[in-house]
Amino acid sequence: MFFVNSALLSVGLAMDAFSVSLVNGMNEKKMKKGRMCLIAGVYAFFQFIMPFIGWICVHTIEEYFTAFTKYIPWIALILLLYIGIKMIIEGIRGTEEKTETDTKLTGGTLLMQGIATSIDALSVGFTTAEYGLAMALVSCLIIAAGTFIICMSGLAIGKKAGAHLGKKASILGGIILICIGIEIFVTGVFLK
């Protein structure tokens, strides 16, 4: 049951990262396998580290962590709004030259996306509080592996869709990121 729960948790947590991977694939249609692995690896890393940090916080500084959790939806919203608006502006300002080449994802943007799509996974540390250290690590590894596979799928699907959308992919991608930010915010603030 432990492995099934961890796998299901992986799928649930990876949905935001999948959506962002889809967007990144649409914007970089000629992305090579190595770059796809790097991007999916960054998301998987953050999906591994965030629940583990949450688990550590539950076992050490629970009252501080509990006070911080109310800011998680705000942080995700701000990061995804920033990235989404930037993509929309770039898509609108796109020139003839830019439509022939892909919009490359920068390292800083990738890190912000990784944090924004995984920050809500901090609270998963509460659900794994009864796990020992080894079980918490294995659970986080399962979550990371599932995220990697799901994000690779999102990148591949996005590349195919982006080839059909052209420069509109950046605008659509920005709108999707903004919607994800709003969804995380609404879920975290109003539906808890």
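The values are calculated or read from the model by the stated rules, or taken from the named source; none is laboratory data. Because the structure is predicted, anything quoted here is derived from the model rather than measured. We place every Cβ from the backbone using ideal geometry, glycine too, and count neighbours over all the protein chains shown. The accessibility values were calculated without ligands, DNA or RNA, using every heavy atom of the protein model including side chains. Shrake-Rupley method; radii C 1.70, N 1.55, O 1.52, S 1.80 Å.
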Item to check | Using θ = phi - 60° and Karplus 6.51 cos²θ - 1.76 cosθ + 1.60, couplings along the range 123-139 (whole Hz; Gly, Pro as x) | outcome: 5, 5, x, 5, 6, 9, 4, 7, 6, x, 4, 4, 5, 5, 5, 4, 4
Item to check | Rg and Dmax of the range 114-157, Cα atoms only, in Å | outcome: 12.2, 38
Next on the checklist: Using a probe radius of 1.4 Å on heavy atoms only, what accessible surface per residue do you get for the chain? Whole Å² is fine.
Outcome noted: 51 Å²
Checklist entry - What is the distance in Å between the Cα centres of the range 1-25 and the range 134-188? => result 8 Å
Checklist entry - For the range 105-192, what value does the Rg/Rh ratio take when both radii are computed over Cα atoms and Rh is the Kirkwood radius, given to two decimals? => result 1.04
Checklist outcome for this item: Flagged as over-length at 29 Å C-alpha distance, from LYS86/LYS160; LYS70/LYS104; LYS29/LYS86; LYS70/LYS168, the pairs are LYS70/LYS104; LYS70/LYS168
Item to check | Nearest 10 degrees, 0 to 90: helix 107-118 Cα axis against the chain principal axis | outcome: 50 degrees
Checklist outcome for this item: Cα-only Rg/Rh for the chain with Kirkwood Rh rounds to 1.01
Checklist entry - What list of ³J(HN,Hα) couplings, whole Hz, do you get for the range 174-185 from phi and the Karplus terms 6.51, -1.76, 1.60, once you set θ to phi - 60° and write x for glycine and proline? => result x, 5, 4, 4, 4, 5, 5, x, 5, 4, 4, 5
Checklist outcome for this item: So, with points 7 Å from each Cα along the Cβ direction, the LEU191-LEU111 label distance in nm works out to 3.1 nm
